[in-house]
1. Dipole of region 96-229 (Lys/Arg Cβ +1, Asp/Glu Cβ -1, origin at the Cα centre): which of ALA114, VAL172, ALA218 lies farthest to the positive side?
2. What is the antiparallel percent of DSSP beta bridges lying wholly in the chain, to the nearest 5?
3. Which listed residue (TYR567, VAL556, PRO544) has the Cα farthest towards the positive end of the charge dipole for region 527-578, taking +1 on Lys and Arg C-beta and -1 on Asp and Glu C-beta about the Cα centre?
4. Can you work out the base-10 log of I(q)/I(0) for region 96-229 at q = 0.10, 0.12 1/Å, using the Debye formula on its C-alpha atoms alone?
5. Output needed for the chain: three equivalent-ellipsoid semi-axes, defined as square roots of 5 times the C-alpha gyration tensor eigenvalues, in descending order, whole Å.
6. If you scale each eigenvalue of the Cα gyration tensor by 5 and take the root, what three semi-axes come out for region 369-464, rounded to whole angstrom and sorted largest first?
7. For region 349-417, taking Cα atoms only, what is the radius of gyration to one decimal and the Dmax to the nearest whole Å?
8. How many times 2.2 N^0.38 Å is the alpha carbon radius of gyration of region 528-578?
Amino acid sequence: MKRTRAAAAAAVVTAATLVLAACGGGGGAGGSSGGVYADCATNPNTCNSVPADQLQQGGTVTLASEKNIDNWNVISSEGNTDWTGMSTKPLLPYVFYTSPDLKATLNTDLVDSADLTDPTTIVYKIKQNAVWNDGTPITADDFAMNWKWQNTRDCPDCETAGNGGFDLIQSVVGSDDGKTVTVTLSQPYIDWKSFFNSAAPLFPAHVGAQQGDLNTPAGLAAAFDYFGKTVPDYSGGPFQVENWQDNVALTLVPNPQWYGATTPKLDRLVIRVITDATQEPLALQNNEVQALFPQPQVDIVSQLNNIPNVSQYQAAGLSWEHYDFNLQNPFLADTALRQALYTAVNVQDVISKTVGQFNQDITPMKNKMFVPQQEGYQDNLSATGQGTGDVERARTILTDAGYTGVGTALVAPNGQAVPTLRMRYTTGNAVRQTECELFQQYAKQLGVNVDIATTDSLGTTLDSGDYDVIVFGWIMSPAPFGGAQQVWLSDSGSNFGKYQNPTTDQLINEAASSTDIADATAKLNEADRIMAEDAYVLPLYQKPTLAAVQNTLGNVRNNASLDGITYNTAEWGIRADS
């Protein structure tokens, strides 16, 4: 799962039906879509579709990115962010991806097939002509390095975003000159399609082997770190890196060894870093960029509506916003304080003062395992009272737990004053700034002070635990069971706030190893109910994603999943009639 859009963040189910929220393109928020996105509500996979013979040969398209790239290894906990994933998606091969209708879709550019031949055996058939850009074939060796990084046994020093079931893989064996990959599991894994998917893509093992012996922990760790700190000169996708300017732009050009069915039309694809999202509409208006995929905000949506020959489209998908506590803080380790703070939060008020201003369909989210469109979604939160804004109930929780100074200057039962909490959000995100300011106000009513600070590297901040409270969004893949393992297990690298609960660990692991969807779903919901009582994370709402493009572009569309807008860059182009 996921991407903390950390990516990843970050963090993986049964396919869900895409429910569309507000649309733009000349219409106001909540209105009908227009321009090149006119049919996205009914045809999310094919809207803005332009045949290759109606696209120009050549040209440059620039896409705005809200984040710099601090770590190039998206499998790592630090590199597992949304924009690192979207920036490297044109480079890294994978077996399954999430299409705009939120279904797990086979990448037929890379493989001919991927089949569960029995409950514990998966067979992948890699295309014979699939190669890295230096001509080296893509083989089972690349699958094996990926597995060894993530199985928790072969590389204990590899700080991955989460193993997502890779620890259940007993072996990865190649045959047919490495073009057939046979994966054997120790037990069934219901989300097997999440293995080697776009959230855990392949890296070139022959490049990794240059850093050390991939049969040793030290060699694997050296390769893992190398791919994190080194700008890629490798590619197994339609594009390769021409140039990277830190905190400025990533320039991609077509990969001459690309083996896929669609040959890129563009001469260059530039991903330009604009960390202040409020500047993105101006860049689009000035033709400095031609496509945006920003976090939707009131001013951004309004500005886009006033730019001629631009279409915008909002979609609700697998992403959701939330408040998180860092349980390494000894005061926040107390469940009663966490419960009280979250009970004082009024989620509907948060929505009304942020995303509700440009999307009237957004409602409070009551589950951390499933989004509303997914089978299995149910309300596991309301019974706790959290998110209601019931300050009196919150104060009672604290008083009953032995706190004093409730409502003025809170003092813990041990006599220590509850210190000021440090809350963080991503730079330039006005919605999250408001979400922090509202949390600050709610906490103040209980006698808790909150200082607010920004971060321009969400992945680094989460990975280092440099916060007490934080607001960000998870972007799930269409596989919730493996995703739950990646985000919520006590030993997962993506469990940034260090929540520890052996009962929920057991439920989540049992769900992932089940062969019965109903049983697995029930176990995830029970784990979610327990976590709701423990008040570690407070879900706020399902996040809409916003795509905006100049009408001259073809085949650039919204994908409200962790794959994002760059899921199909080989198809992008400039309309021939432009």
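Values quoted throughout were computed directly from the atomic coordinates according to the rules given, and no laboratory measurement underlies them. As the structure is a prediction and not an experimental result, all values here were calculated from the model. No Cβ is skipped: glycine too gets one built from the backbone with ideal geometry, and neighbour counts run over all protein chains shown.
1. The residue sitting most towards the positive pole is ALA114.
2. On the way: 64 of 79 bridges.
Of those bridges, close to 80 percent are antiparallel.
3. In region 527-578, that residue is VAL556.
4. Results for region 96-229 at q = 0.10, 0.12 Å⁻¹ read -0.30, -0.44.
5. 37, 29, 21
6. Semi-axes, largest first: 26, 22, 13 Å.
7. Gyration radius and largest Cα-Cα distance of region 349-417: 16.8, 47 Å.
8. Working: Rg = 18.1 Å, N = 51, 2.2 N^0.38 = 9.8 Å.
Working it through for region 528-578, the quotient is 1.85.
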